[in-house]
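The values are calculated or read from the model by the stated rules, or taken from the named source; none is laboratory data. Here the structure is a predicted model, which means the values were calculated and not measured. For neighbour counting, all protein chains shown are included, and Cβ atoms are generated from backbone atoms with ideal geometry for every residue, glycine included. Only protein heavy atoms, including side chains, enter the accessible area calculation; ligands, DNA and RNA are left aside. Shrake-Rupley method; radii C 1.70, N 1.55, O 1.52, S 1.80 Å.
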Amino acid sequence: MSAGFVVGNVWAWALQALAVIAAAALAERLFRNAAPRARLLYWQAVLALCLLLPFLPGKPEVADGVDVSITFATIRSASAQTPDWPIRWETGLLIALGIGVLLRLIWLFAGVARLRTLVRESQPLDPVPVAIGTMRSRLGIQAAIYLCPGVSGPLTFGLRRPVILLPPRILELPPAAQAAVCCHELLHIRRADWLWTLAEEFLRTVLWFHPAIWWALAQIQLTREQTVDREVVSLTQAREQYLQSLFAIAAAGTQLDVAPAPLFLRKRHLAQRVVSILKEGQMSKARFVLAMAAGCGLVLGIGGVAVTMVPLKAAPAPQSGENITVVSGGSGLAHRDGIEYPREALTRRVEGPVTLELSVNEKGSVTDARVLSGPEELRSAALQAVLRWHYSSEIALPAKIQVTMDFRLPNTLPPPPPTSLPRAHKELGILKRIDIEGISPAASENLRRRLPVREGEMITSETSGRILEAIRETDEHLKAAFSVGDGVALRVYLPGDNERTQQIRVGGNMQAQKLIHQPRPVYPPLAKQARMQGVVRLQTLVGKDGAVKNISVESGEPLLVEAAVEAVKQWVYETTLLNGEPVEVATLVDVNFTLSR
């Protein structure tokens, strides 16, 4: 699973959660539910919905069931190389998020340790004031009560052996106020609020980067305290004395909130808690049900829109490349992309080690690679992978490095392509001529005899694949290019210095910016019916006028090749200039055919 995939999904979820929390705040303001207990449940449900967003159904699939995306592969050239960063920005962002979580965890553990320190610095409340003892007996909750000079307000924590820490000034309050404060803390114990507080602090730690989550957690803490306030007033019938205790603790000042425990008072909540305590009116049952239903409906509606508009990507299926390990030559690697197990090798159940020799320049980029040994079906995948590697300065550069990759078949192989459907043999045109360059006449004649077609015969997608296979079997160094126009011309040649002086190689991403006419490929109906998908890689030569002159197929499913070729040959680029003169450009194009699930 790539860092870009994780970062993209985190960003999408953050936007979804922001929309849900904003809708919840709007619904609360519009429908004004005055019952603190109901508002507490409401905000807890909103937070739970935010956490469940990645698992909700209804994420949109690709429109019309088919997506044909076009990506461009970069070809490195010795004349113009771009430096590779040792760490991509997605990886750096994940590292930053992880550091933030680690710092918050340290803060959380420091708070728990602070609670233990406060207990050691405290003294048992002895004798227990009559008002506090009576309230403890009335509620039937046994808890150790301490006087602690290190706290500015009452503090409660613990589950099996709960502890209440009271500031010494609590003894200066009237007995009724003391009973109300003690009732508040005992109710927190009965409700197991410390466990909820720990869970919320852990959630704040993991999602420290999301301000809307912090705001929602603050709403939960406020409504919890308002709920307990209502219960205290109902049990003690001492509204004024309870308000007096709140004002007295607020006037004394509060210390830094480090301990993960429900605090008796946060100054930013004082005004809202006082207003809630003074409210006498209760909502009617009908209005309450209507307000809750309308609020939940608004939140769910906006949440559904958010999930649809900013969907999370489905987790990628395990790649066959996970069964490929770098046995040697991996030390000093700054980064490397994944290695894809060739489908042909999977079908034929080919596995084993592939050894390559790499040429690495002073910047750490792999400029050249050649295969020393290994199964033929695995060599191309290994070569394509190492050309994207980048080494760090930990090794002496430039250097020659020998790399060995061990390809092992996965436990579950992909299903073979369907055999019940006939293969489509689309006619590309009549073969007008065959040009063979760069080899001896004898070798040229031998190649002509091995080609499955002759001039004047029809070229189809099936015969084009056989032509390329025959050329590779004759000499793996030979290249082939089809010119599609008024008929088909086949050019077989041996790349050399002369060719490189007449053409330049440009990375696909840069060349893509010059596209001025780009017809999209049409998904072949037969391939769609067979549920066939994959990448067609084309080697293209763009002429001086910007038109695509030659296209050679490097890889791809035969059912998809002709659609990719048919589209790419119609592409038109801006003219590329070198020293003020138009030049031909060689580049790679990947056409990705993807079906929706």
So, over other residues within a Cβ distance under 13 Å of PRO167, counting Lys, Arg +1 and Asp, Glu -1, the net charge is -2
Computed curve, segment 91-245, Cα-only Debye sum without solvent term, log₁₀ I(q)/I(0) at 0.11, 0.19 Å⁻¹, is -0.50, -1.21
Using a 1.4 Å probe on heavy atoms of the protein chains only, the accessible area for LYS514 in Å², nearest 10, reads 60 Å²
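Would you rank ARG191, ARG160 by solvent-accessible area, highest first, keeping every protein chain in place and using a 1.4 Å probe?
Output order, biggest surface exposure first: ARG160, ARG191.
Ranked highest first by the average count of other Cβ atoms within 10 Å around their residues, in what order do 544-555, 148-159 fall?
Values: 544-555: 17.6, 148-159: 19.9.
Per-residue Cβ counts within 10 Å, averaged per peptide and sorted highest first, yield 148-159, 544-555.
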Sorted list, accessible surface of protein heavy atoms, 1.4 Å probe, largest first, for LEU494, LEU358 is LEU494, LEU358
Between LEU526 and ILE95, the FRET efficiency computed from the C-beta separation at R0 = 51 Å comes out, to the nearest 0.05, as 0.65
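Take GLU28, GLU172 and sort them by solvent-accessible surface of the protein heavy atoms, 1.4 Å probe, largest at the top.
Ranked from most to least accessible, the order is GLU172, GLU28.
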Expected sort for 341-351, 557-567 on mean C-beta neighbours within 10 Å, highest first, is 557-567, 341-351
For CYS296 the rounded accessible area (nearest 10 Å², probe 1.4 Å, non-protein molecules ignored) is 60 Å²
Whole-Å distance linking the alpha carbon centroid of segment 553-572 with that of segment 162-236 is 66 Å
Rounded to the nearest 10 Å², the 1.4 Å probe accessible area of LEU97 is 40 Å²
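Counting only heavy atoms of the protein chains, get the accessible area per residue of segment 83-211 (1.4 Å probe) and round it to a whole Å² value.
Accessible surface, normalised per residue, equals 54 Å².
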Sorted on mean Cβ neighbours within 10 Å (highest first), peptides 104-110, 200-206 come out as 200-206, 104-110
